[in-house]
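The values are calculated or read from the model by the stated rules, or taken from the named source; none is laboratory data. Only a predicted model underlies this, so the values are computations on that prediction, with no experimental measurement involved. Because the Cβ atoms are built from the backbone with ideal geometry, glycine has one as well, and the counts that use them run over all protein chains shown. For the accessible areas, the whole protein counts, side chains as well, though only heavy atoms, and no ligand, DNA or RNA atoms are used. Shrake-Rupley method; radii C 1.70, N 1.55, O 1.52, S 1.80 Å.
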Amino acid sequence: MSLPVRTKPRREDLRPGQCLCEYCVAKCCRYFALPLDTPTRRADFDTLRWFLLHGKTTIFVEKKTWYLQVHTECRELLGDNRCGVYETRPQICRSHSTVDCEYEDDWVYDMYFETPEQLEEYVEARFPPRGKMIRSPRPGLPMLKGAK
């Protein structure tokens, strides 16, 4: 049995009383994100790297807050993108608003890391190895005759 195909109208084209969720692919039910302590030292990034070594994880920064994002589908999500426990859903789901949700598919983060290598590259740029300058050395200037 195939499910009916729903077309996705633009947010502003919905009639009063219509709900975005009727047209959505349930992105909010396909991952969760937890805030992290902001890393300030090179050593702080080791745990973030460990997160990225696991499957289905990413790290992003939004408005100066770091997050661990775990890409995993809610076990109560139905095939038609509806909640299977809507009447008894958790409070976090009840509090979720469609005002700032990702319905439009145009979400952009300040920073987004999918692999440990991407994070390591960022760390190397932010915390150059000690003793190594990222700038070229200052050129030696010739001494002028008569200068003391």
>> Using a Förster radius of 30 Å, what is the FRET efficiency between Arg41 and Val70 based on their Cβ-Cβ separation? Nearest 0.05, please.
In response: 0.75
> With contacts defined as alpha carbon pairs under 8 Å and 6 or more residues apart, what's the relative contact order of the chain in percent?
Replying inline: 25 percent
>> Using 0.36 nm times the number of residues separating Ser2 and Tyr23, minus their current alpha carbon distance, what extension gain do you get?
In response: 5.9 nm
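Determine the share of the chain's accessible area contributed by carbon and sulfur atoms, expressed in whole percent, with a 1.4 angstrom probe. Walk me through the numbers before you get to the answer.
On the way: 6710 of 12070 Å².
Heavy-atom surface of the chain belonging to carbon and sulfur, 1.4 Å probe: 56 percent.
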> Among Glu114, Glu62, what's the order by accessible area (1.4 angstrom probe), most exposed first?
Replying inline: Glu114, Glu62
>> Please list 3J(HN,Hα) in residue order for segment 110-127, calculated via the Karplus relation 6.51 cos²θ - 1.76 cosθ + 1.60 where θ = phi - 60°; whole Hz, with x for glycine and proline.
In response: 5, 9, 8, 10, 9, 9, x, 5, 4, 5, 4, 4, 4, 4, 4, 6, 7, 10
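Please report, to one decimal in angstroms, the Kirkwood hydrodynamic radius of segment 1-134 built from all distinct Cα-Cα pairs.
On the way: mean 1/r = 0.0567 Å⁻¹.
It works out to 17.6 Å.
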>> Please report the accessible area of Asp100 (heavy atoms, 1.4 Å probe, ligands and nucleic acids excluded) in Å², nearest 10.
In response: 120 Å²
> At what distance in angstrom do the alpha carbon centres of segment 96-130 and segment 31-66 lie from each other?
Replying inline: 9 Å
> In nm, to one decimal, how far is the Thr115 label point from the His54 one, both placed 7 Å along Cα→Cβ?
Replying inline: 2.1 nm
